[in-house]
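A.B. asks: Can you keep this structure in mind? I'll have questions shortly.
The values are calculated or read from the model by the stated rules, or taken from the named source; none is laboratory data. It should be emphasised that the depicted structure is a prediction, and the values quoted were computed from it without experimental measurement. Every residue, glycine as well, gets a Cβ built from its backbone with ideal geometry; the counts of neighbours run over all protein chains shown. Side chains are part of the model used for accessible areas, which takes the heavy atoms of the whole protein and leaves out ligands, DNA and RNA. Shrake-Rupley method; radii C 1.70, N 1.55, O 1.52, S 1.80 Å.
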Amino acid sequence: MKKSIISSAIFSILATTVAANSQAEEAVKDYEILVVLATRAPLQKSAVPATVTIIDSEQIQQQLSVSNSLSDILGNLLPSYSPSRQKLTSSGESFRGRTPLYLIDGVPQSNPLRNGSRSGYTIDPMLIERVEVIHGASAIQGMGASGGIINIITKSATEGTQHQVTAGVSAPTSQSSEGLSYDAGYLVSHGEGQWQFVGGVHLRETGMYVDGDGQLIGVDTTQGDTMDSSSYDFFGKAVYQFDRERQLQLMINHLDIASNGDYISIGGDRENGIPTISARGELELDPAENEVTTASLNYSDADWLGADLNWQLFSQSFSALYGGGNFATFQDPAYGSDLYDQSRNDSNKLGSRITLNWLKVADSNIDITTGLDFLRDRTFQELAQTKRKWVPETEFENWAPFVQARFNTGDWSFNAGLRYEYGKLKVDDFTTLASYGGHFVEGGDPSFNELLTNLGVVYEFTDNWRGFVSMSEGFSMADVGRVMRGISEPNQSVNTFLNLEPVLTDNNEIGVEYFGDNLTFAASYFESTSDLGARLSPNSDGIFEVNREKTEIQGFEVTTEYALSTDTLLGVMYADNDGEFDSDEDGLVDTKLGGRNISPRRANLYWTQNWGSDVDSRVQWNHFFDRHIYTGAESVNNFDGYSTLDFTVNLMTQKAGDFTLGIENLLDESYFTYYAQTAAHDTRNFMGRGRTVRLNWQYAW
C-alpha cells in the first residue's frame, strides 16, 4: 500500500532531522503568549503540531450581532465547519467531514452512546470567554474528537468587583412582529484575597425567522428549533487559592431551551423548489426541549512531586426531548393505528481526568505529560408518550491512561504520545420496536481495547515562519444507540454485533504558518481515514441510520490576514473538503460523501475597520460553492451554492456602555440551506434567514 502524501513528508522530515543539530535560541513572539488549554499541556499556540484557532470574547460578541448561536459563530469563523442549520441541532454539521468533540472547561459535552446532535447547545454564548479549536482528529482529550476539539472556556473573575448587564433585540426586515426577538443577561464577578467568584444568568426569547422572500421559515418540529423558543442559562464559578501552588475551582452551568410550540410546518416540495414554511397552529405533542446541567470540580497543584497536577471531577445531566409525529418507525399495532409519539434522549455522565505535567525533566529539554481519564455514561432513548424504549438503557465505562512527550531543541520541537483506550458496554436483553420487526436481541458486555498513537514535528524556519507535520489517531463510538435501535434481523447479540465496533480515525496533516508585523498566513492539507466509519443516511421517515463503511476524507484550508494600517484589516478564509465511502463493501472507497457528512467548498472574506477610538466595524462575505457531482438517484445530494453578506458596527461610549448594530444577510439573499439541499426530505426543505437587524447593548461598571 502506498504511503499517504503527508506520511511520506513526515518520514522525510524526520530523516533530515536526525542529522540536524540547531543551537539557535527559540525566539519569543507575541503570538506565543496564549496557552492552549485544549492540549492538556501548557503549550503555546505556536508549539502545537496542528491547526489551532482561538476565538476570543471580542469575536464572539461581534458575531452575536449577526447570529444567535455557537453553531452560527463556528460556521462563520472556521473554514472547514459546515454551514449552520440554524436549528436546535448540529445534525448535518461536521468539522473536516467528521464529528467534533465539544468541551466546556474541559468537560465533554458529546454523548458517546446516543448522539442527540445537540452538544453545541449546552451553554449560552454570552457566558463564553473564548473558544479553543484544534482542527483534526486527536485522542488527547479522549473519546469523540474524530473531527477536532472545540473547547469552550467560560467567563472568569479578576481582582475587585465588576458588574455587566447585556440586552439585545432583533427582528427581520419583513414580518417584523412575528420575528421579534430579545434577550437580557447579568454577570457579576468578584476577586479578593484567596477567593474569586463569577455568576451570571442569561434569558432569551426568540421569535420566528423569515427568509429572503418574506416567508416564515419552516419550524423543525422534530429535531427542534431555536426560533419560537425560550431559554435561560444559570452559570456560576468559584475559585479558592490555598497558596501560590494550590487551587480549587467549582463550575456549574444549567441551560434550558425549549420550543414554544406556537407554530407548525406546512408544505415543502424539494423537487419543485417549494420551501417548508410555518403557520400558527398547535402541535400534536410536546414541543422540543434541551435541558443540560454541567458541573466540574478542579483541583490543581503546581508542585506535586515536581509536577503540575490538575485533577478534574465532572458530571453532566443531559435530557433532550424531540418533536414527534406519526412516523412509520413509531407505529405498533398494540397501541392502535396512526400513532403519534416523540423521543427523549437521556444521558448521565460521571468522569475523572487526572493530568500531570513535568517541564524540563532532569534539566533537559524534555517535557512529559501523563494522566488517566475515566468516564461512565448511562444512556437510554425512549418514546416519551408510550414509554417504549427505543434505545435500551446502556452503560459504558471508559478508562484511558496516556503519556505525551515533547522534546525541544533549537528551532525543532518533537511531540509523541500514546493513549490506551479501554471501553466496556453493558446492555441487558431488549426487544426492538415493532417497526423493526420486534426482534429479541441478546444483551451483553462487549469490550474494546485500542492503543492510539500521535506524532508531530514543528520547525521554526525563521522568527516569522513555522511548519508542522503530524500523524494522530482519534477514537469515538459509532452512536451505539442509533445502531442498536436499528437492528432489524433476528438472532442478534450485543456481544457479536459488528456495527458496535468503535470508529478509529487516522489523521495526517501538514501545514505552514507565517506571523509578520502586517501579514499572517496559515495553510494546511489533511487526510482523514477510517476503515470502519459511521456514515449517516436517512430512511423513509427522514430518521438517520448508521452505515459502517470505510471512509476517506481529504481537505485543504487557508487563512490569511493583512493589516493595511493600524486601523484597517483584511482577511480571507478558504476550505475545500472532499470524501468518499465504500458503498459495495469491497474495501475500496467509490462513492462521494453527501452533505450530511461533509461540508461544501467555501470562502469567507472580511474587512474590519477602526473609525476612531470609539467606533469599529466589520463586513463579512460567506460564499459556498456549488457541488454538482452526483447523477441518478444520488443527485439529491447536489448543492447549489449561495452567498451571504453581514455587517456590524460597534459604538463604545464611556457613560452609556457599548452598542452593537448588526445586519445579517444584508442583501436579503433568498437561499435553501446546505442541509435542506442535501438531506433530501420535503418536510425539512428549509430556507435560510433573510435580512435581520440586531441591536445589542452592554454596560459594565
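A.B. asks: For labels at Asp303 and Ser565 in the simple 7 Å Cα→Cβ model, what's the distance in nm?
C.D. replies: Rounded to a tenth, the inter-label distance reads 5.2 nm.
A.B. asks: Please label the shape of the stretch 91-176 as rounded, prolate or oblate, based on the square roots a ≥ b ≥ c of the eigenvalues of the alpha-carbon gyration tensor (a/c under 1.5 means rounded; beyond that, a/b larger than b/c means prolate, else oblate).
C.D. replies: oblate
A.B. asks: If you don't mind, there's one more thing I want to ask. Net charge near Ile140: determine it from the other residues with C-beta under 13 Å of the C-beta of Ile140, scoring Lys and Arg +1 and Asp and Glu -1.
C.D. replies: Details: positive: Arg40, Arg353, Arg406, Arg419; negative: Glu132, Asp373, Glu421, Glu473.
Charge balance in the 13 Å sphere: 0.
A.B. asks: How high is the relative contact order of the stretch 340-440? Use alpha-carbon pairs under 8 Å, at least six apart in sequence, and give a whole percent.
C.D. replies: Over the stretch 340-440, the number comes to 23 percent.
A.B. asks: So what's the net charge close to Gly273: Lys and Arg +1, Asp and Glu -1, counting the other residues with Cβ under 15 Å from its Cβ?
C.D. replies: Net local charge, Gly273 excluded: -4.
A.B. asks: Tell me the carbon and sulfur percent of the accessible area for the stretch 40-164, rounded to whole percent, probe radius 1.4 Å.
C.D. replies: The nonpolar share, carbon plus sulfur, comes to 47 percent.
A.B. asks: Give me the net charge of Leu64's neighbourhood, meaning all other residues with Cβ under 9 Å from the Cβ of Leu64; Lys, Arg count +1, Asp, Glu -1.
C.D. replies: Residues close to Leu64 contribute a combined charge of 0.
A.B. asks: Continuing with the same structure: May I ask you to give the solvent-accessible area per residue for the chain, in square angstrom, as obtained with a 1.4 angstrom probe?
C.D. replies: I get 40 Å² per residue for the chain.
A.B. asks: Classify the chain from the C-alpha gyration tensor, please: rounded if a/c falls under 1.5, else prolate or oblate depending on whether a/b exceeds b/c.
C.D. replies: Rounded is the answer for the chain, as its axis ratio a/c remains below 1.5.
A.B. asks: Taking 23 Å as the cut-off for C-alpha to C-alpha distance, list the pairs among Lys349/Lys424; Lys155/Lys360; Lys237/Lys424 that go past it.
C.D. replies: Violating the 23 Å Cα-Cα cut-off are Lys155/Lys360; Lys237/Lys424.
A.B. asks: On the accessible surface of the stretch 391-535, probed at 1.4 Å, how many percent belong to carbon and sulfur atoms?
C.D. replies: It is 52 percent, rounded to a whole number.
A.B. asks: Which stretch or stretches of the stretch 659-701 have amide N atoms under 16 Å from the point lying 7 Å from His628's Cα along the Cα→Cβ direction?
C.D. replies: 678
A.B. asks: Given R₀ = 25 Å, FRET efficiency for Tyr422-Asp332 by Cβ-Cβ distance, to 0.05?
C.D. replies: Calculated transfer efficiency: 0.05.
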